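A.B. asks: Here's a structure for you.
Bear in mind that the values in this text are calculations on the coordinates, not laboratory data. Not measured: the values here are computed from a predicted model. Every residue, glycine as well, gets a Cβ built from its backbone with ideal geometry; the counts of neighbours run over all protein chains shown.
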Amino acid sequence: MNCLTTIDSQWQEIDYGDWDGMLVSEWRKVAAEQFKAFRKDLSALAPPNGEDYLSFKTRVLGAWRKIAAKPDGSHLLIVTHGGVLRVILPTVLGMPLNRSFPLHIPFACFSRVHLEVIEGKTDASLIFHNACEYAKVNDQE
């Protein structure tokens, strides 16, 4: 098996600009109105000196399309952030992106997606999501 490690900046989390490094308690005060509006309209999230959500979504979906262009039988492990999964998982599930909030995406979440390109059309299936959490629950039973 040939393993190759690459870093692709398209899979990075959204750039929160001035909000990066801010305490969560402060961030919730400063950004509360934007996040409230964001749940209704994706274009509402635009961190000061950061990346607006629509640009972030375009970047992540561009990376997603690159994966579909890989040769058949390719296996990829992508290590990324929750915000990226909030773009990818709704895309796979056919959900509107602004309805991704009910998806539980904890730290160290492990999800598997199967991609298949048939006649130029990408078909994606969610094989499992949050497998690490499932393993923890079953170990405690």
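A.B. asks: Where the only charges are on Cβ atoms (+1 Lys, Arg; -1 Asp, Glu), what is the dipole of the chain about its Cα centre, to the nearest 20 debye?
C.D. replies: Working: 15 positive and 17 negative charges, 63 e Å.
Roughly 300 debye, rounded to the nearest 20.
A.B. asks: What is the angle, in °, between the Cα long axis of helix 82-93 and the longest principal axis of the Cα atoms in the chain? Nearest 10 is fine, range 0 to 90.
C.D. replies: Computed tilt is about 50 degrees.
A.B. asks: Report, to the nearest 10°, how far helix 131-140 tilts away from the longest principal axis of the Cα atoms in the chain, using its own Cα long axis and a range of 0 to 90°.
C.D. replies: Once rounded, one gets 90 degrees.
A.B. asks: If you average the sequence gap of Cα pairs under 8 Å that are 6 or more apart and divide by the length of region 73-141, what percent do you get for the contact order?
C.D. replies: Here the relative contact order equals 25 percent.
A.B. asks: Can you show me the helix-derived [θ] at 222 nm for the chain, built from DSSP H runs with n ≥ 4 at -39,500 (n - 2.57) apiece and divided by the number of residues, rounded to the nearest 500.
C.D. replies: Numbers: 4 runs with 53 residues, N = 141.
That comes out to -12000 deg cm²/dmol.
A.B. asks: Taking Cα atoms, how many degrees apart are the long axis of helix 53-68 and the longest axis of the chain, rounded to 10 and kept between 0 and 90?
C.D. replies: The two axes meet at around 10 degrees.
A.B. asks: Take the alpha carbon atoms of region 24-53, find their center, do the same for region 63-94, and report the distance between the two centers in whole angstrom.
C.D. replies: Using only Cα atoms, the two centres lie 24 Å from each other.
A.B. asks: Consider the candidate values (i) 11, 41, 37, 10, 1; (ii) 12, 40, 32, 14, 2; (iii) 10, 36, 34, 17, 3; state which one is P(r) over Cα pairs in 10 Å bins from 0, in percent computed from the structure displayed.
C.D. replies: Of the listed options (i) 11, 41, 37, 10, 1; (ii) 12, 40, 32, 14, 2; (iii) 10, 36, 34, 17, 3, (iii) comes from this structure.
A.B. asks: How far apart, in nm, are the 7 Å Cα→Cβ label points at F35 and I127?
C.D. replies: Between F35 and I127, the label points sit 3.3 nm apart.
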